[in-house]
Amino acid sequence: MIRCDPEFLFSYLPIHRRPAAGKSPDGRSSFATGETQLNNTKKALKIAQKLQVWSNCTKNRRKVWEPQLSSVKIAQRTFSKKKICRGNAKNLCQKKRLKPHHILFDMRAMQERYYSSYEKCVNMKPDMDHARQNGAVGVDLKKEVSGMISFLLCLALLIVGYFVYGKIVDNTFGPDDRETPAVRINDGVDYVVMPQWKLFLVQLLNIAGLGPIFGALQGALWGPVVFLWITFGTIFAGGVHDYFSGMMSERNDGASIAEVTGRYLGPVMQNIMRVFSVVLLIMVGTVFAVGPAGLIVTLCKNGGMSGMLTTTLFWLIIILVYYFIATFISIDAIIGKIYPVFGICLIIMAVGVIIGIFTNPAYTIPELWSNFHSMHPSGTPIWSFMFITVACGAISGFHSTQSPLMARCMKSEKQGHFVFYGAMVCEGIIALIWAAAGCSLYEVTGGLNTGLAAALAEGQSAAIYDVCSKTMGGIGIALAMIGVVICPITSGDTAFRSARLTLADWLKLDQDSYANRLKLCIPVLGVGSFLGIGNALGFINYTVIWRYFSWTNQTLAMIVLWAASMYLFKEKKNYWITAVPATFMSAVSCTYFVLAPECLGKMINTYADGKLVAYNTAVAYPIGIVFAIAMLAIFIYATKKHTASQKA
């Protein structure tokens, strides 16, 4: 932002030329009208133009500054708004240093609603080294490239991370030319060879949905500091997690993540993960059916429709029927043909958002180093709530349930780097863009993201609609509608498909026959239908259970990373590449479980009149650290025990 408020400018005018301070009618500080002769008409006009061009003071900047610019008096000549705003912005900003002589604004009282706007303009830096020209004071105005640096650095790190660290991860695993399950088994249902580009787009849509959008917008409440977690979390945790969950599955005949985890962490963890995975997947599938059904109803009502088309139950049944078909038939019949298109739409939507931000002078992405603190309006701690909230934008255990789907469709192990690690990096980039949108499009009051909080309070879908309409206009609205309706549905049907495959691996039921698939599709979709329809009719409320999704999601990621660490140890490879993020996620999950109100938070946090007043971080933080150290110690002990047993 550029600091362009008159109080700042007047402070650098000669004392004898500065107008006297006054008061506005409502008692706030303003400035009285005054006049100053200007020695150089051309330069004075340029600086007035420059202030108008460079004033990125939110959407109200024109309302605030144009009335003041209209009364600039230059050599006894008053210029109108139109004349002052005339000029080519590109040519105007070519010179970085313009040294005008005395310039005076006829100041009116600023209305209260504009105060928060001009107070954000803080980066204009006067340089008094060139103070004299023709006996008068000069002011240098410097344009600072604001917000671009932090965002572009993080974007560059993600891209470089894919090529550099992603390759290190790939080399650590060591893909070879062995025959893949898709080639060896190839049952035409779940084991189907698909081209690499299609694998990438389907994997992206399966793991993403609206996760990197919702999670990133929620994470942006903490401010630009979320850029760090999205960037480094994706490179060192999320990408590693997704790659190993997919490649370990591929090495074990495309087994579901519960079976893979049990193979390296033991039968007890295997059974826990089986139950854990099936419950989680059915819950995800149900929520991603109920949500889109409600959105379609809203769209129908807004379109003037009535009758059956405006009932949630009608659309919910249609979505559930589609889920049954997509879960039952071959993965290449619907998912392999349609989902790449929606994956491209997800990418286009993110590209459109960032282009809209860069091309609109009213939006500026705040710099990380200028806002290296929490901007959350509710005062929610960064650790570990931000790390849990962002979820899919950095790391998500849900991804490990989806990666085996593509592990069963790979022609070569060497595709894993692009399909698994690459899809996660792409999702991280999408999350970074949406986090930047959350930080730049909405008002900041007193250093807090109150504008974004108000937008999210209207509903997550409404927030997506708002961002797309502000950055892309009508095209954005169309993409937003595709996003908030289609993307959840695509995540929902693959969730039910993964639940079927998890049960099939558990019960040892081959899925190449119609009868065996029906044995699992009917109960899985039956439970989902019962929960969804019950919720639509109002006699089932599973929101209490759903509150635990955030914690269980990241806990699942922690478990998968520990399983990958044990796999690498047994393969005599560098297991620290997964053990370090596993330890980190252990601290994140434990700390959140202790602090979160839906978990143990009500026992240790401070409440007043039923409202949360303060988080007891003094207790939760040490517990999280101790738990992480304990998990690492258990892992090291297990490796030594395994080594001893091998020698014996």
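The values are calculated or read from the model by the stated rules, or taken from the named source; none is laboratory data. What you see is a predicted model, and the numbers here were worked out from it, not measured in a lab. Heads up, the Cβs are rebuilt from the backbone with ideal geometry, glycines too, and the neighbour counts pull from every protein chain shown. These accessible areas exclude ligands, DNA and RNA; they are computed on the full protein's heavy atoms, side chains included. Shrake-Rupley method; radii C 1.70, N 1.55, O 1.52, S 1.80 Å.
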Fill in the blank from the handout: Of 254, 223, 215, the only residue that is touching a Lys or Arg at 6+ places or on another chain (Cβ under 9 Å), of a type outside the set (Asp, Glu), over 24 Å from residue 638 (Cα atoms) and crowded, with 24+ Cβ neighbours inside 10 Å is 254
Practice task
Could you look through region 157-178, keep only residues that are free of Cβ contacts under 8 Å to residues at least 60 places away in the same chain and farther than 17 Å from residue 248 by Cβ, and pick out the one that is most open to solvent (accessible area, probe 1.4 Å)?
Solution key: 163
Practice task
Under 6 Å between Cβ atoms, at least 6 apart or on separate chains: pull out the pairs that start in region 284-296 with a residue that is touching a residue at least 24 places away in the same chain (Cβ under 8 Å) and end on any residue that is assigned to a helix (DSSP H, G or I) and of a type in the set (Phe, Trp, Tyr).
Solution key: 285/496; 293/315; 296/315
Exercise for the section: Could you list all residues from region 264-281 that are in contact (Cβ under 8 Å) with a residue 24 or more places away in the chain and either on the phi > 0 side of the Ramachandran plot or buried (at least 19 other Cβ atoms within 10 Å of the Cβ) (or both)? Expected result: 264, 265, 273, 274, 276, 277, 278, 280, 281
Practice task
Within region 487-510, identify whether any single residue is over 34 Å from the mean Cα position of the chain (by Cα), within 22 Å of residue 270 (Cβ to Cβ) and polar (S, T, N, Q), and answer yes or no.
Solution key: no
Handout entry: Where residue 627 falls short, out of the listed (1) open to solvent by 50 Å² or more (accessible area, probe 1.4 Å); (2) under 30 Å from residue 311 (Cα atoms); (3) more than 22 Å from the chain's Cα centre (by Cα)
Key = (2)
Handout entry: Hey, residue 368 open to solvent by less than 10 Å² (accessible area, probe 1.4 Å) and either more than 15 Å from the chain's Cα centre (by Cα) or not small (Gly, Ala, Ser) (or both) or not
Key = no
Practice task
Enumerate the helices (runs of 4 or more DSSP H) found wholly within region 261-371, keeping only those where 2 or more residues are in contact with a Lys or Arg (Cβ under 8 Å, 6 or more places away or on another chain).
Solution key: 312-328, 335-359
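So that you can scan it fast, the table gives a plain yes or no per residue for (1) open to solvent by less than 30 Å² (accessible area, probe 1.4 Å); (2) modelled with pLDDT of 95 or more; (3) within 28 Å of residue 320 (Cα to Cα):
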| site | (1), (2), (3) |
| --- | --- |
| 410 | yes, yes, no |
| 415 | yes, yes, no |
| 422 | yes, yes, no |
| 460 | no, no, yes |
| 475 | no, no, no |
| 481 | no, no, yes |
| 492 | yes, no, yes |
Problem - Filter result for residue 621 (without any contact (Cβ under 8 Å) to a residue 60 or more places away in the chain and part of a helix (DSSP H, G or I)) - result: no
Exercise for the section: Only one of these is touching a Cys at 6+ places or on another chain (Cβ under 6 Å), over 30 Å from residue 185 (Cβ atoms) and open to solvent by 60 Å² or more (accessible area, probe 1.4 Å): 539, 530, 584, 593. Name it. Expected result: 593
Problem - Filter pass, residue 621 being of a type in the set (Ser, Thr, Tyr) and open to solvent by 50 Å² or more (accessible area, probe 1.4 Å) - result: yes
Exercise for the section: Within region 357-369, identify whether any single residue is of a type in the set (Gly, Ala, Ser) and more than 30 Å from residue 515 (Cβ to Cβ), and answer yes or no. Expected result: yes
Fill in the blank from the handout: Residue pairs within 7 Å by beta carbon, gap of at least six or interchain, first lying in region 194-217 and closer than 11 Å to residue 335 by Cβ, second at pLDDT below 95 and of a type in the set (Gly, Ala, Ser), listed first then second, are 194/336; 198/336; 201/343; 202/336; 202/343; 205/343; 206/491
Completion exercise
Of (1) modelled with pLDDT under 90; (2) hydrophobic (A, V, I, L, M, F, W, C); (3) surrounded by fewer than 21 Cβ atoms within 10 Å (Cβ to Cβ), residue 328 satisfies every one except (1)
Completion exercise
Filtering helices (runs of 4 or more DSSP H) wholly in region 145-215 for at least 3 residues that are of a type in the set (Ser, Thr, Tyr) gives none
Completion exercise
Among 559, 533, 522, the single one that is within 19 Å of residue 270 (Cβ to Cβ) and part of a helix (DSSP H, G or I) is 559
Exercise for the section: Select, from 456, 452, the only residue that is open to solvent by 20 Å² or more (accessible area, probe 1.4 Å), in contact (Cβ under 8 Å) with a residue 60 or more places away in the chain and hydrophobic (A, V, I, L, M, F, W, C). Expected result: 456
